[in-house]
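The values are calculated or read from the model by the stated rules, or taken from the named source; none is laboratory data. None of the values given here were measured: they were computed from a predicted structure. Glycine gets a Cβ as well: all are built from the backbone with ideal geometry, and neighbour counts include every protein chain shown. Side chains included, ligands, DNA and RNA excluded: accessible areas come from the protein's heavy atoms. Shrake-Rupley method; radii C 1.70, N 1.55, O 1.52, S 1.80 Å.
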Amino acid sequence: MATGRGRLLQLQWQCLLARPQPLGCFGSAFGSPGAAAGRSGFRTRPGATLPAGPAALSRCARQDKAYGRPHDGCSASLDSLPSELLLKILSYLDATALLCAGCVNRRFYHLASDNFIWIRIYSAAFSPKRSHWRVDPAEKTDLSVNLLSAGDKEAGYWKKEYLKKQIASIKAALARVLKPLHPHTGLPLKTKEALRMSGLGWVIILRGDDGREYTMEHAHLSFNDSSVTVVWYSKAWPPLATLSTLDLCGVTPVFMGQSRTPTRIRPRWHSLITKYQLSQLSESSAVGGDRLTRVFCLPPGLVVGLWKREEELAFVMANLHLHLLVERSMLGSPVVPYEPPPHAPVSDDSPERGLHGYRLHVDMHNGGVSCLCGSFCNLSANKGCLENEYMKLSVISFKNNTEHLPLIGKVGLSWKTNSFDGCIKSCSIMDLTLLEEYGKPFWCFSSPVCVRCCPGPSHGPHFLGEAYYVDYSDSEGRLHMELVWIEETEEYFIVSLALYLRLAKVNQWFGTKY
């Protein structure tokens, strides 16, 4: 068999040299056939073989005919080589380089998926490693059988098996890291370590009306108590008028541990988190501005800053809650976001008592500096708290002065670009984590909110100062906070905070019929 393969390779090489080529082309560079043979000298490594058998050779011939190599007289290129020689070259590459080579064109994709190449990579990566034990002869026999049967599998079989194993190993490693939970937030305690270990990053993909795509790597990120703030800014944004959608995606190196930060030249997984419609940048979505920029909010959690003068993109800021962040950033596809498994209803042992034993953790920050970080325990709501398809959960009451909390420092949303920076007053990022009685996250969000002046008088005659409020709502609930500005100390005080949980979510979670 080896002699036959060598003879076939020699014939193919002689045919290539025998082609009439103009001066300066590939064939003339080698001079005489004898010199060409000496210079060709492909280095061999132990165990590297070309596909054998009539089936493999005929498949290579069909690929050469289907993908059409350049005609005689054209300048030679790597793509003009026979498939047998290209397979020999590709057999020296590692898994990362093979995946990159498969992106060249259709022919290279099929060649770089060759089973004979990938079965050796698979065996080297996942074979039992026993430094002091003797390898069982049965294991050697299994490997030999796999090598012999590689040609019988469908094209790309061992490549898929290798990638499946890689994904499974990454999931198992991350599951171990994410298992410990924070006692107050109920979120994974080592999310930052998991992000570093996986090399996870985030990109935005801007799509134009003409179908063009612009991929932007994140310029800055900061970790908060229960969220991550990711920022993009550039001097070369595409014109806003030509853009239609923005995709927020998580990107992860295919092979964990190769690179601490994902790079565009390495193969990466893309996981769509959210797709935004840029047509929604209107006055109704504006949340504030300063002398240079106007800021808009696109739910969930995206902040878009536009230059006032040009009405072009200045920066984009995504606020990502840590609940299921790793799963959403890694386990989706480029076109379909990750869907968590359906929640199995938990039987409520005392539905007549309503909601009880809830815990709340809430943060307010400007993307780096926190002005509020509070935890509240033993929150409850009975059936008398039903209001228009919502169940009210009171957190801070007007009547109890001891519950009122100050906001530390100045409230604002900081932003920066390559050349400028600023702060949007009366706007902040709020992170909310509500845990139900069994300690599971029930409602989580991270989103910009605005501190607005109340149109009417404040509640209660004992409050001295101007009244403000913060409202937020989504498909699972809404939040209402009231504040008072104390002029003497120049700070806000929270005098009321209430959560309104949608009854449909409560009934679906517990199997109740409120």
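Observations, loosely collected:
- Accessible area per residue for the range 387-514, computed on protein heavy atoms with a 1.4 Å probe, is 49 Å².
- Separation in nanometres of the label points that stand 7 Å from Cα toward Cβ, at residue 343 and residue 157: 4.4
- Accessible area ranking (1.4 Å probe, heavy atoms, ligands and nucleic acids excluded), largest first, for 268, 120: 120, 268.
- Note on the range 336-436: Rg/Rh from C-alpha atoms, Kirkwood Rh, equals 1.09.
- Loop sites in the range 392-490: chymotrypsin sites (Phe, Trp or Tyr not before Pro), DSSP, at most 14 other Cβ within 10 Å: 420, 438
- The Cα center of the range 380-404 and the Cα center of the range 320-373 differ in position by 21 Å.
- Backbone geometry of the range 232-246 corresponds, through the Karplus equation with coefficients 6.51, -1.76 and 1.60 at θ = phi - 60°, to 3J(HN,Hα) couplings of 10, 8, 6, 8, 10, 5, x, x, 4, 5, 8, 9, 10, 9, 10 Hz, x marking Gly and Pro.
- Residues 385, 249, ordered by accessible area of protein heavy atoms at a 1.4 angstrom probe radius and largest first, appear as 385, 249.
- Of the trypsin sites (Lys or Arg not before Pro) found in the range 421-514, the ones in coil according to DSSP and having at most 15 other Cβ atoms within 10 Å of their Cβ are 513.
- Computed with a 1.4 Å probe over protein heavy atoms only, the accessible area of residue 89 comes to about 60 Å².
- Under the combined filter of DSSP loop state and at most 13 neighbouring Cβ atoms within 10 Å, the range 264-353 retains these GluC sites (Glu not before Pro): 310, 311, 312.
- Residue pairs exceeding 19 angstrom between C-alpha atoms, taken from 383/505; 192/505; 171/440; 235/275: 192/505; 171/440; 235/275.
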